[in-house]
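Take a look at the structure below.
The values are calculated or read from the model by the stated rules, or taken from the named source; none is laboratory data. The structure displayed is predicted, hence computed values, not measured ones. Every residue, glycine among them, receives a Cβ derived from its backbone with ideal geometry; neighbour counts consider all protein chains shown. What goes into the accessible areas is simple: the full protein's heavy atoms, side chains included, and nothing from ligands, DNA or RNA. Shrake-Rupley method; radii C 1.70, N 1.55, O 1.52, S 1.80 Å.
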Amino acid sequence: MMMGVPADVLIADEASQLTEPQLIGLLMPFRKFILIGDQNQLPPVIAQEACFCEVKTPCLLERGISDLRTSIFERLILRCKISGWSHAWGMLNTHFRMHDAIAALINHYYAGQLSSGKAGQKAGFDQYPGQEGTGWERILSLGRKIFINSPYEAAPKKNRTEAQWVASLLGHLKARYGAEFSKDTVSVVTHWRT
């Protein structure tokens, strides 16, 4: 019983970020468990140095456990694939998150199996017709995905130049779209983990 509800199955999302110590306590009251995750995305956050995570115990090595930084999800997926247990794992290959041009950046990690679930994800690119093509308008007209090389900054976990560029771009978008632009129409993603 969990919160007065009979519990038989645990479903753990983002399981590719879980290690055994994080998962074992959750599993104890359940008869079955389902792990949902993506071993091609964020791994577990492990603070220990690599040398402390290296497994040397023969019985663990025989079971495919060689590095404690590898999530249980990734190890189980690998074991299923090696053993031919296709009934024990599956891939959700239809996504609704991004345009096909952006998905193309990562689709090779999924053997080209990702496909979009909505027609809008295949829509053509609006190149800002009628704009003079200077500043951010010129940069944004280059395509749906744009890479802007930023200078190296020695400060850990922050880059003032990138932050200024993001603030400038958000200001440009706010000026361009007015009331249509809000926190619900834009996302800023940073690739730092603490």
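Residue count for segment 37-62 under the criterion of being small (Gly, Ala, Ser) and open to solvent by 90 Å² or more (accessible area, probe 1.4 Å): the result is 1. Within segment 71-81, being open to solvent by 30 Å² or more (accessible area, probe 1.4 Å) and either outside any helix (DSSP H, G or I) or within 18 Å of Val55 (Cβ to Cβ) (or both) holds for Ile72, Glu74, Arg75, Leu76, Leu78, Arg79.
Restricting attention to segment 142-164, the residues being open to solvent by 80 Å² or more (accessible area, probe 1.4 Å) and either among the aromatic types (Phe, Trp, Tyr) or in a loop (DSSP other than H, G, I, E, B) (or both) number 11.
Could we say that Arg97 is within 22 Å of Ile24 (Cα to Cα) and open to solvent by 60 Å² or more (accessible area, probe 1.4 Å) here? Against the criterion (within 22 Å of Ile24 (Cα to Cα) and open to solvent by 60 Å² or more (accessible area, probe 1.4 Å)), Arg97 does not qualify.
Residue count for segment 82-94 under the criterion of being under 17 Å from Ala15 (Cβ atoms), loosely packed, with under 12 Cβ neighbours inside 10 Å and aliphatic (A, V, I, L, M): the result is 2.
Only one entry of Ser66, Ser16 meets the criterion of being within 23 Å of Gln113 (Cβ to Cβ) and free of Cβ contacts under 8 Å to residues at least 60 places away in the same chain, and that entry is Ser16.
Only one of the numbered conditions (1) in a loop (DSSP other than H, G, I, E, B); (2) closer than 26 Å to His108 by Cα; (3) at pLDDT 90 or above is violated by Lys56, and that is (2). Taken over segment 23-36, the criterion of being open to solvent by 70 Å² or more (accessible area, probe 1.4 Å) and part of a helix (DSSP H, G or I) is satisfied by Ile24, Leu26.
Of the residues Gln48, Gln121, which single one is polar (S, T, N, Q) and either in contact with a strand residue (DSSP E or B) (Cβ under 7 Å, 6 or more places away or on another chain) or part of a loop (DSSP other than H, G, I, E, B) (or both)? Full working, then the answer.
Values: Gln121 fails: either in contact with a strand residue (DSSP E or B) (Cβ under 7 Å, 6 or more places away or on another chain) or part of a loop (DSSP other than H, G, I, E, B) (or both).
After applying the criteria, what remains is Gln48.
Only one of Ile139, Ile102 is open to solvent by 50 Å² or more (accessible area, probe 1.4 Å), at pLDDT 85 or above, of a type outside the set (Asp, Glu) and part of a helix (DSSP H, G or I); which?
Answer to the selection: Ile102.
As a summary of the residue check, Thr185 satisfies the conditions (1) open to solvent by less than 50 Å² (accessible area, probe 1.4 Å); (2) modelled with pLDDT of 85 or more; (3) under 24 Å from the mean Cα position of the chain (by Cα) except for the one numbered (1).
Within segment 11-51, the set of residues being out of contact with any helix residue (DSSP H, G or I) (no Cβ under 8 Å at 6 or more places or on another chain) and of a type in the set (A, V, I, L, M, F, W, C) comprises Ile11, Ile24, Leu26, Leu27, Met28, Phe30, Ile34, Ala47, Ala50, Cys51.
Take Gly90 and tell me if it is over 18 Å from Lys145 (Cα atoms) and either free of Cβ contacts under 8 Å to residues at least 60 places away in the same chain or small (Gly, Ala, Ser) (or both). Considered against the rule, which asks whether it is over 18 Å from Lys145 (Cα atoms) and either free of Cβ contacts under 8 Å to residues at least 60 places away in the same chain or small (Gly, Ala, Ser) (or both), Gly90 comes out as yes.
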